[in-house]
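Reviewing the structure listed below.
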Amino acid sequence: MKHIAVVCGAGVATSSVIRKRIEAYYDVHAIDVNVTQATVMDLLSPQFSADAIVTTVTIPSSIGIPQLSGMPLLLGTNARVTFEALDALLGFDPTSTDSN
């Protein structure tokens, strides 16, 4: 199961909206993912790990985890492109139910 971390400044409201949209998208496609909310400070922990980060803030690439902007999911603009990019990043084919 892939782990997606949704990161915003405080790790509360904004990340909650994006987390719910990601979970709904993958539920529709019957793909099991673990989506958690996090703050930028959480990323600094040696125990932090994720397969991808969807973020609304700037995160240095030195974190070493692939990331993409969650703003389209928050604003409801061009979400399809964001989900396609996330699928590609995680190696999912949403047209197949064998992606679990």
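Some values worked out for this structure:
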{"read-out": "Any hit, the range 16-30, residues being within 12 Å of the chain's Cα centre (by Cα) and not in a helix (DSSP H, G or I)", "value": "no"}
{"read-out": "Hits in the range 57-77 (condition: in contact with a strand residue (DSSP E or B) (Cβ under 9 Å, 6 or more places away or on another chain), among the hydroxyl-bearing types (Ser, Thr, Tyr) and more than 18 Å from Ala10 (Cα to Cα))", "value": "Ser61"}
{"read-out": "Residues located in the range 47-100, provided they are of a type in the set (S, T, N, Q) and assigned to a helix (DSSP H, G or I)", "value": "Ser61, Ser62, Thr82"}
{"read-out": "Selected residue [within 17 Å of Val12 (Cβ to Cβ) and among the small types (Gly, Ala, Ser)] from Ala24, Ala38", "value": "Ala38"}
{"read-out": "Pair list, Cβ < 8 Å and 6+ apart or interchain, from the range 72-83 residues that are touching a residue at least 24 places away in the same chain (Cβ under 8 Å) to residues that are in a helix (DSSP H, G or I) and of a type in the set (Gly, Ala, Ser)", "value": "Leu73/Ala79"}
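No lab work stands behind these numbers, since they all come straight from the coordinates. Treat the numbers as computed from the prediction; the structure is a model and nothing was measured. Note: ideal-geometry Cβ built from the backbone for every residue, glycine included; neighbour counts use all protein chains shown.
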